[in-house]
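> I have a structure I would like to understand better, so I am pasting it below and will then ask my questions one at a time.
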């Protein structure tokens, strides 16, 4: 039976992902060859740029991500930071390995006004054989204000 190739709306399988480095996988998402994670569409953000050791996401929170008080839920900050920081680590993961977040921390400094376009930048601090550490921040695209910071530790695994 022939192997079914992925399409831009269908994610690649495990074997295809393991045949790419983390940077290649992230570049394929940025180029539209592979879809981004569904959580990004659900939470109104997406991959903006990627390079070795750095991932940048942009988005604007809307009413769907508010808490009962009508402000942006802390989980939105955490999700966007987790994406940027962990994907920064992924850019350093070699072919044949994968990663996942072990733990992350978020410091919310101020509320993001609904509809405000923000940029979340994740940058690696260290990536070794079994762990990766990164930090990140969320800033307003137009006002440059710092809204939140974070840090993460990821585990790097050999799944082949």
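The values are calculated or read from the model by the stated rules, or taken from the named source; none is laboratory data. None of the values given here were measured: they were computed from a predicted structure. So basically every Cβ, Gly included, is an ideal-geometry build from the backbone, and we count neighbours across all protein chains shown.
> Identify, by number, the condition in (1) under 26 Å from residue 108 (Cα atoms); (2) out of contact with any strand residue (DSSP E or B) (no Cβ under 7 Å at 6 or more places or on another chain) that residue 16 doesn't meet.
(1)
> Quick check on this structure: which one of 94, 113, 68 is in contact with a helix residue (DSSP H, G or I) (Cβ under 9 Å, 6 or more places away or on another chain) and part of a loop (DSSP other than H, G, I, E, B)?
94
> Condition test on residue 102, is it surrounded by fewer than 16 Cβ atoms within 10 Å (Cβ to Cβ), assigned to a strand (DSSP E or B) and modelled with pLDDT of 95 or more? Walk me through how you get there before you give the answer.
On the way: surrounded by fewer than 16 Cβ atoms within 10 Å (Cβ to Cβ): yes; assigned to a strand (DSSP E or B): yes; modelled with pLDDT of 95 or more: yes.
Criteria met by residue 102.
> Residue pairs, Cβ under 8 Å, 6 or more apart or interchain, first in region 21-40 and over 27 Å from residue 75 (Cβ atoms), second at pLDDT 90 or above and part of a helix (DSSP H, G or I). List them.
23/90
> With respect to residue 29, is the statement that it is touching a strand residue (DSSP E or B) at 6+ places or on another chain (Cβ under 7 Å), modelled with pLDDT under 95 and either assigned to a helix (DSSP H, G or I) or buried (at least 20 other Cβ atoms within 10 Å of the Cβ) (or both) true?
Criteria met by residue 29.
> Next up: Test residue 83 against the criterion of being surrounded by fewer than 24 Cβ atoms within 10 Å (Cβ to Cβ), in contact with a strand residue (DSSP E or B) (Cβ under 9 Å, 6 or more places away or on another chain) and modelled with pLDDT of 95 or more, and give yes or no.
So residue 83 does not fit the description; no.
> How do the pairs read when you match residues in region 53-80 that are free of Cβ contacts under 8 Å to residues at least 40 places away in the same chain with residues anywhere that are in a strand (DSSP E or B) and surrounded by 13 or more Cβ atoms within 10 Å (Cβ to Cβ), using Cβ under 8 Å and keeping only pairs 6 or more apart or on different chains?
Every condition considered, the pairs that remain are 65/72; 73/66; 74/106; 74/108.
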